[in-house]
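Visitor: Below you'll find the structure I mean.
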Amino acid sequence: MAPLVLFIADVSNIFTLPGAIVDNADTTYFELGQVQPGTPVIAATATNNVSAVNNAWGGVDGKMLGGVLGVWFNRTISDLSNINTGWTPPTGGNAGAAAAAAAVSNTVQARLGNQIDLVYGYALSDSTTLGLGLSRGTNDTKTETVTTSTSSQETDNDDYGVSLGLEQKDLGFLSLLEVGLQYNSRSGGFTNIAAATDKITVGGSAFNVRVGGDVAGKDGAFGRIELGLNSQSLDVKDDFATAPASGNFVESKNSALAWNAGYAMGMNKDKGMGLFGLMLAGLSQDREEDNNVTAVNKFDASTLRLQASTAGEAKINSWFSVRAGLSSDLFYNTSNVTETGPSGSTTKVTVTNDAHAGTVADPNATASMGVTFNLGDITIDGVLNQGLLYTGTYLVSGIPGAVSSQVSLTWPWGGAKE
């Protein structure tokens, strides 16, 4: 969960709140990706469908047909499989364990490419705006080997999404109410053809609801309410051409439900901005692994956490600003229940943890620093590489490293400059 992202206005809100695109008319936006290439790590959150890491993407929002149309390319979508970490895929059959593992990597866990998003917003009045979003992502590969006999391995995966949005201004104590509904459908498969055909099929869906409200303030004060509800399901099945080896899984059924509720408040002045927010979030997920010896392995996991976030931005002059943010858990608890083995001899293990593992993948606190350059109509925004705090620049330390780990560029034109 990343509450700080939800509390800061960002162009990527249009993917979960399509109505917000009307406020981003006549703008070109580029996410230039990581300056220093590294191993891609998909860190999608349960509250949005955006995960841009080590990957360039962007789009343009322009006035069209009485509203605003956005066309975006290569946005990395949240993979449905991130609701399950470490689960064992179906293995065996003609494909064998190695091929099956590769199949799941390509079919389920791999990031989809060729992503395209179309987002359209239309203002019914000065206070009411409607939005519609459509998305598509694919990941298809095929390898064919011709010797004395022909064999091939092929993956075919697609993700289609639709989102609806509503924005209503001046509603009671809210200066703005935003509602977004989002549905994604995933289908895919891996086929291995040699002496016989072994096929792994994947199917799943995700439904997300996001509600945000801006609380009216005075003299630069502001507030923000965030609510979210997200559900996902994923089914992976191996249709074996021959009988699988004893104990190999033939199907994995996965589902998850996540929710979040948060509030942020702050002050925006000519010289900068300050913000503090709290987010309470919960996640529950389960999976069942059926195999060919009448055994069903069950895994249930739940997490509850309360996060605090604080951030500040200082405007050094008219063209240069610096900012910093910190997010940390005030409360964190996880519970994992594992039941394995055939009927009558099932082993049940329960593990409860109220502290983080201390790994890079799951830190207790995260900090970030960034800079913004306003060069005429163009805004260049960079997230500072934290390594600079310890090693300095390349010339001083002798350790190669990029000054910024991620850079974005925004160019308003036409009506957006008014």
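FYI, it's all coordinate maths here, none of it is from the lab. Because the structure is predicted, anything quoted here is derived from the model rather than measured. As a convention, Cβ positions derive from the backbone with ideal geometry for all residues, glycine included, and neighbour counts pool all protein chains shown.
Visitor: Quick one: Karplus J couplings for segment 228-237, per residue in order, coefficients 6.51, -1.76, 1.60, θ = phi - 60°, nearest Hz, x for Gly and Pro?
Guide: Residue by residue, segment 228-237 yields x, 9, 9, 10, 9, 9, 8, 10, 10, 9 Hz.
Visitor: Put a dot 7 Å past each Cα toward the Cβ at T347 and S284; how far apart are the dots in nm?
Guide: Result for the modelled spin labels: 2.7 nm.
Visitor: Provide the net charge surrounding V337, with neighbours chosen by a C-beta distance below 10 Å and charges set as Lys +1, Arg +1, Asp -1, Glu -1.
Guide: -1
Visitor: Here are some pairs, K169/K218; K237/K348; K142/K237; which of them have Cα atoms lying more than 22 Å apart in this structure?
Guide: Among K169/K218; K237/K348; K142/K237, the Cα-Cα distance tops 22 Å for K237/K348.
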